[in-house]
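Only the coordinates and a few stated rules stand behind these numbers; no lab work does. Remember, predicted model here, so these are calculated numbers, not experimental data. Please note: Cβ atoms are built from the backbone with ideal geometry, for glycine as well, and neighbour counts cover all protein chains shown.
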Amino acid sequence: MRSAGAGVGAAAGLGLWGTWGGPAWLGEPRAVASLAPPDRVLEEVESPFNHIVVARNGDVVTMYFVVDGVYYIESRVDRSHPKSLDLDYTRTMMAGFLMQPRPTRLLMIGFGGGQISNYLFERVPGLEIDGVDIDPEVIRLARKYFDVPDDPRYRTHAADGRLFVEQAATEPGWDMILLDAFRGVFVPLHLKTREYYQTLLEHLSPQGVVVANLHNATPMYKHDRTTFADAFPQGYSFHTERGRQTIFVASADAERMSTYQMRANAELAQPAFDFDLRGLAARWYLGEDWDRGGAQVLHDDFTPEQLQQGIERHNESCRGEDCEYAYPTK
């Protein structure tokens, strides 16, 4: 799932705007689905932002973004049980309910096919959802193939994930903000800095939380975690079942939540879910799971004009020899 935007920094050869307080890497790589095209393509679109493929394999419908011939999973739903979360990391992102068991307003940055948003809209009574994606085609395909409902409580917005939040009212605030935003294979850096996290903090309700999908095996992880720790008073890590990703829950609450309270919140929220939240609570990683050595807080100093220029430049669809995507190497 994704909501795209500008890269942040002044890295040589990348043509970025603004200055960037940290290593000039592009972020974490998205999980690779396949090097070969899927068997049954339902629709293929070349938008100004993405090369999108929606395909079906038996009961499973998947939205892919294609970069340099590689198919990256953005959303997936199993039609044999469409009201369940099919991917491990999406289930683990429900860890936000262990800190905030009764949200009424939710913001999803990185809409994709709407899998997470659909699931929560169906299961959490009265929940209002704002789903944000930079690409109108992504939203259109989500409505066409992934059954995004047409409901006044479920709003979709074709917008950059940073500008949308900056332009939103701070009151009443969101109770939960989910970050699953990818620019092709990477999270755009302007959605990873302390300045952005401060903006999210200002738009949370008093008991609100931010839930972020992070790849813990990449060189960026220690910088991501250090930046979150600098921006938010409290943070909680939950590893996915396979351990490849960490779901990080950041809270503005000054007090550390106890294991007892987390388990109580799991019991309170459990009736809305079709998997064991108490088992998810048991995956709370109590220690630090990153190396602080050499880790930096990620900053940017964009003016509004520079941010808009960067969004226009770095949300262009990346194809063939013009692509500058690269995995971090150090």
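Stretch Arg263-Arg40 to full length: gain in nm at 0.36 nm per residue minus the Cα-Cα span? Don't jump to the answer; show the numbers that get you there.
On the way: separation 223, 0.36 × 223 = 80.28 nm, distance 4.33 nm.
Residue separation times 0.36 nm, minus the Cα-Cα distance, leaves 76.0 nm.
Which value, in debye to the nearest 20, gives the size of the charge dipole of region 31-148 about its Cα centre, when Lys and Arg are +1 and Asp and Glu are -1 at the Cβ?
Values: 12 positive and 17 negative charges, 102 e Å.
My answer is approximately 480 debye.
Treating only the Cβ of Lys, Arg, Asp and Glu as charged (+1, +1, -1, -1), what charge dipole size does region 82-285 show about its Cα centre? Round to the nearest 20 debye.
Numbers: 22 positive and 26 negative charges, 103 e Å.
Using Cβ point charges on Lys, Arg, Asp and Glu, region 82-285 gives about 500 debye.
Taking amide H positions as placed in the peptide plane 1.01 Å from N, state which residues far from Val209 in sequence (5 or more) or on other chains have amide H under 5 Å from it.
When sequence neighbours closer than 5 places are left aside, the close amide H contacts are Met176, Ile177.
At a Förster distance of 22 Å, what's the computed FRET efficiency of Asp289 paired with Thr199, Cβ-Cβ distance as r, to 0.05? Intermediate results must be reported in sequence, preceding the final value.
Values: r = 26 Å, r/R0 = 1.18.
Efficiency at R0 = 22 Å is approximately 0.25.
How big is the gap, in Å, between the Cα center of region 93-158 and the Cα center of region 274-307?
21
Given labels modelled 7 Å from the Cα in the Cβ direction, how far is it in nm from Asp88 to Ser47?
Each label point is offset 7 Å from its Cα along the Cβ direction, giving 2.8 nm.
Remind me, relative contact order of region 82-285 in percent, using alpha carbon pairs under 8 angstrom and six or more residues apart? Could you put the intermediate results ahead of the total?
Working: 361 pairs, mean separation 49.1, N = 204.
Result for region 82-285 is 24 percent.
Could you give me the ³J(HN,Hα) list for region 221-233, computed from phi with Karplus coefficients 6.51, -1.76, 1.60 and θ = phi - 60°, whole Hz, x at Gly and Pro?
4, 5, 6, 4, 5, 5, 5, 4, 5, 6, 8, 10, x
What nm distance separates the two modelled labels at Gln167 and Arg79, each placed 7 Å from Cα along Cα→Cβ?
Between Gln167 and Arg79, the label points sit 3.7 nm apart.
³J(HN,Hα) across region 251-260 via Karplus (A = 6.51, B = -1.76, C = 1.60, θ = phi - 60°), whole Hz, x for Gly/Pro?
10, 7, 5, 6, 8, 6, 6, 7, 4, 4
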